Amino acid sequence: MKRPVTTALAAILLLAAACCAIGAAWAQQKIVLKASDVHPLGYPTVEAVVRMGKKLEQATGGRLSVQMYPAMQLGGEKEMIEQAQVGALAIARVSVGPMGTIIPDFDVFNLPFMFRDDSHMEKVIDGEIGDELLRKLSEHPTAGLIGLCWMNAGTRNIYSKKPVKSVADLKGQKIRMMGNPIFVDTMNALGGNGVAMGFDQLTNAMQTGVVDGAENNSPTYATSQHYRYAKYFSLTGHLMIPEVLVFSKKVWTTLGQEDQALIANLARQAQQEQRQLWYEMEQKSVAQMKEAGAEIIPIADRTPFQDAVKPVWDKYGARHAALIKRIQDVK
Ligand code: BDP
């Protein structure tokens, strides 16, 4: 007959073993991270996040994975940001455009004619300014988002039902802009009527004539088939706005430190991978637009456009003078 002390000890050991097993099972629990993008599958930003998800799945033996909801399945970017903030969505790939209303410093990227060209923009987002802004977002006490990485989105150009060859041609044209006052002010300064609305409402607004046109990069114009309603694509190049990949802070804090580091690292890789996809897509899009009958209007001298937006710089630039100077100094 066993002595009671030995029996008690055995019971404790058994209980401890059971707890360990439950703990291990808990740690092994599969987590599916919901991700979203306004663009369809195959678009560079979407593809980069899908690839990142595959790498994450591989690295964790399937414990962590990413489920992509593309093509505005979860709404426009405003909705995606809100869902990430409350933790209903883990990963949102959005334009810096709407982020400026959350982190004012982000608006520096939203200033018209801020970057000289793609390579200037890339040096900024790849360098210390890019890192600083991501950190600013992650450390913001109420934004509820972690800034993971940047992505390319080329140059935005105005497209409309009526050709825009000069600033004067914008007079009386209703042009959809992203939801941030800086963009409406930019279009108004150019002499048009800026109309703020979500990307999810744009096709309908063009169909029904609520707006005459919009402005965007060629891949967005081509994949969304906006040439069907606004065939004149004028190379105004007035905005060059990077994209940002954000992670819900609510979901982030439920992950272990190692998982967080892994995701952060894979996002950094995605930043470079997306870039390759981006340039291929830009070329393809221009061919697709032309084939579909879009008319590309070159703007030989952008100076009148640059001069016209000076009031926007006066209004929004002054408060960010030091950061703007640092960006301009990046060579
Ligand atoms: C595209 C961006 C997307 C924006 C869209 C817009 O990739 O994030 O939602 O523009 O104009 O270029 O809203």
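What to note about this one:
- Links that overshoot a 32 Å alpha carbon limit, given the list Lys136/Lys315; Lys55/Lys174; Lys123/Lys249; Lys231/Lys310; Lys162/Lys310: Lys55/Lys174
- Average projection area in nm² (convex hull over Cα atoms of the chain, one quarter of hull surface): 20.3 nm²
- Rg to Rh quotient for region 154-244, alpha carbon positions, Kirkwood Rh: 0.91
- Database remark: amide H of Phe115 closer than 5 angstrom to the amide H of Met240 (H placed geometrically; neighbours at sequence offset of 5 or more, or on other chains; Pro and chain starts carry no H).
- Simple spin-label estimate for Asp105 and Arg63 in nanometres, 7 Å along Cα-Cβ: 3.3 nm
- Considering only Cα atoms, the convex hull volume of region 30-109 works out to 95 Å³ per residue.
- Ellipticity at 222 nm from helices only: DSSP H runs of n ≥ 4 in the chain, each -39500 (n - 2.57), divided by the residue count, give -14500 deg cm²/dmol.
- Accessible surface of region 99-203, 1.4 Å probe, proportion on carbon and sulfur as whole %: 51 percent
- Fully extending the segment from Thr254 to Lys162 would add 28.0 nm, taking 0.36 nm per residue of separation and subtracting the current Cα-Cα distance.
- Span-rule helices in the chain, defined as complete DSSP H runs reaching 27 Å or more along the axis (Cα) with Kyte mean at least 0.5: 4-27
- Most positive-pole-ward Cα, Ala270, Ile158, Gly237, against dipole of the chain from beta carbon charges: Ala270
- Accessible area per residue, Å², the chain with all protein chains present, probe 1.4 Å: 46 Å²
- Whole-percent carbon and sulfur share, accessible surface of region 232-331, 1.4 Å: 54 percent
- Per residue convex hull volume, Cα atoms of region 83-175, in Å³: 133 Å³
- Taking a point 7 Å out from the Cα of Glu291 in the direction of its Cβ, the residues of region 212-248 whose backbone N falls within less than 14 Å of it are 222-223, 225.
The values are calculated or read from the model by the stated rules, or taken from the named source; none is laboratory data. Nothing here was measured: the structure is a model prediction, and the numbers come from that model. FYI the Cβ positions are ideal-geometry reconstructions off the backbone, even for glycines, and counts take in every protein chain you see. Just the protein is used for accessible areas: all its heavy atoms, side chains included, with ligands, DNA and RNA removed. Shrake-Rupley method; radii C 1.70, N 1.55, O 1.52, S 1.80 Å.
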